[in-house]
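Notes follow once the structure below has been shown.
FYI, it's all coordinate maths here, none of it is from the lab. This structure is a prediction, so every number in the text was calculated from the model and none was measured. Neighbour counts are summed over all protein chains in view; Cβ atoms, including those assigned to glycine, are modelled from backbone coordinates with ideal geometry.
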Amino acid sequence: MAYPSIATFPPSPSRTGDPDNFYLESTAFLDAFADYETESNALATYINAKPIDGWNWGTVVDVNPTQPVIAPMPPMPSPSDSGLVFTTKADNFLASLEDFSYTQNLVGDYIDDLAVIAYSATLQADANRPVVSMLTAHPSRGQSQSEFEAKSQAWGTSIINYSVNLDAFSDYYKALVTDNDDFGLVTETVTDTIDYNA
Amino acid sequence: MDIIKPQIITPSLLISSNVPENDAPLWTSTSYNVGQQVIYNHRLYQAILNNNNKRPDLYPDKWLDLGATNRYRMFDNIVGNPTTNLNTIDFTVTTGTIIDGIALFNVVAASVRVIVTDPILGVVYDQTLSLEDFSEITSCFAYWFNPVGERSNEIVFLNIGNYPQASVRVIIDNGTETASCGEAVLGTQHNIGVSNFGTTIGIRDYSRKEVDEFGSFTIVQRTFSKIADYEVTFETSSLGAVQKYLASIRATPVVFIGDGNRSETIIYGFYKGFSIVIATPTISDGTIQVEGLT
């Protein structure tokens, strides 16, 4: 099963850069939050359920695919910000969200490169494996001001957490597939005795 | 807390301007009839008598002074009487004095650019500031749903540098629309202390709101002026100089700047009074009451 993909966001709005089209762009962008929430959470669920733990001696098809770069997301505007500072931070955050949604697909693709077949070794749960967190409920146009504010802050924070978790998972995966214990492409006879723990 | 003491911009200091001075024909010693307008010494006059061949500035009983011409309205100390021009207002002044602070009031434009060119050093200052106003964007809700394209009417350029021989070019740009500037103040910037929270701001509204015997209101919207009581902290050692400076600008329109990034604290006007409590050997607190021009 391939990873659940994320639909491309419409162009991010910018109050500081493109005020003429702001209403049109901001409306489209805001309305895309609903699908984005559903798709991102589906991707997180998919990744979290992926059987790629460190001691799964499956067949690794692509040992070292190129790891996508997940750029750190800029901070959300804080409630104490105002004016140009608030506006610039919001513009930057939304622009980075547009970029991040694209990167999510790259990560999904990257992780799918590891085709795991159930092998004779026992799948071991790895307590250190990062978990991709879920997005909180998105803000939308029909909400009251107070509800919109609360959901916006929580929503933005959950996206940043999501990106950090996804980055951590991507790094974990990278370490896994380049680990010396990866026997996926071994062509020589292994004569070493290894403690398989189970 | 900065104060810009204006340099009076006379016609001899205004090196160039793209605003035409064609409001009316120049006055000549011919005869004018009621209603005809002329320009004399960069002011616009309207005849109030027929067969009028008198010089406008000498015969106020024969001519109505309509104020500065369009080109010079931005230097006439009346904020509500703007210079207008399609697209841009582009002027250059050379004052022979230090112009390190510029403030523009009642501006309708997208951006303002200031270029200072020293005859020896070349361009020493070139900055463009946008008048886009984001002051109401204080929350996510406001970011998404507040009106876009709000603009400020005031803009300030500070710390330009000390170049007394430089020419100062100001370009007020409003794209394809008419640019407008109520007052352009170019002068010497002086820091007198640190403005503090606790400063109060407001407006004095000159609109008329009258009610007749039936309770019906008649509302006439008129101009307003900004007012503020600045709470300022001074260095106690500088109080003598501060008092002397404030005394030197008494009854003089100057620009008071509490915070250059907060347009509500920028007022072109005069102070009505000030009081300072000499509180400690190092710092002292005071209040300056300012009333803006309309």
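Values as computed for the structure displayed
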{"read-out": "Inter-chain Cβ neighbour average for residues A:19-30, partner chain, 10 Å", "value": "2"}
{"read-out": "FRET efficiency, A:Asp126 to B:Asn146 (Cβ-Cβ, R0 35 Å, nearest 0.05)", "value": "0.15"}
{"read-out": "Dimensionless Rg ratio for the range B:22-68, taking C-alpha atoms and the 2.2 N^0.38 Å reference", "value": "0.94"}
{"read-out": "Compactness of the range B:51-92 as Cα Rg over 2.2 N^0.38 Å, two decimals", "value": "1.52"}
{"read-out": "29 Å Cα cut-off, lysine pairs counted over chain B (separation 8 or more, or different chains)", "value": "9"}
{"read-out": "Spherically averaged projected area of chain B from its Cα convex hull (nm²)", "value": "21.9"}
{"read-out": "Label point distance in nm, B:Ser16-B:Ile278, each placed 7 Å from Cα along Cα→Cβ", "value": "5.3"}
{"read-out": "Sequence ranges B:132-145, B:7-20, ranked by mean other-Cβ count within 10 angstrom, highest first", "value": "B:132-145, B:7-20"}
{"read-out": "The range B:194-292, relative contact order [Cα under 8 Å, separation at least 6], %", "value": "29"}
{"read-out": "Acute angle (nearest 10 degrees) that the helix B:239-248 long axis makes with the longest principal axis of chain B, alpha-carbon atoms", "value": "10"}
{"read-out": "Protection-proxy order for peptides A:81-87, B:224-230, B:104-110, each taking the mean of Cβ atoms within 10 Å per residue, highest first", "value": "B:104-110, B:224-230, A:81-87"}
{"read-out": "Gained length - A:Asp20 relative to A:Thr66, 0.36 nm times residue gap less alpha-carbon distance", "value": "12.6 nm"}
{"read-out": "Alpha-carbon centroid distance for the pair the range B:20-80 / the range B:203-240, whole angstrom", "value": "32"}
{"read-out": "B:Asn87-B:Ala251 pseudo-label distance in nm [points 7 Å out on the Cα-to-Cβ vector]", "value": "4.5"}
{"read-out": "Antiparallel DSSP beta bridges within the range B:1-126, percent to nearest 5", "value": "95"}
{"read-out": "Pairwise Cα inverse-distance average, inverted: Kirkwood Rh of the range B:194-292 (Å)", "value": "15.3"}
{"read-out": "Descending semi-axes in Å of the protein assembly as shown, equivalent ellipsoid built from Cα gyration tensor", "value": "66, 26, 24"}
{"read-out": "Relative contact order %, chain B, counting alpha carbon pairs below 8 Å whose residues are six or more apart", "value": "20"}
{"read-out": "Selection from B:Asn81, B:Leu44, B:Thr280 lying farthest towards where the dipole of chain B points positive, charges on Cβ", "value": "B:Leu44"}
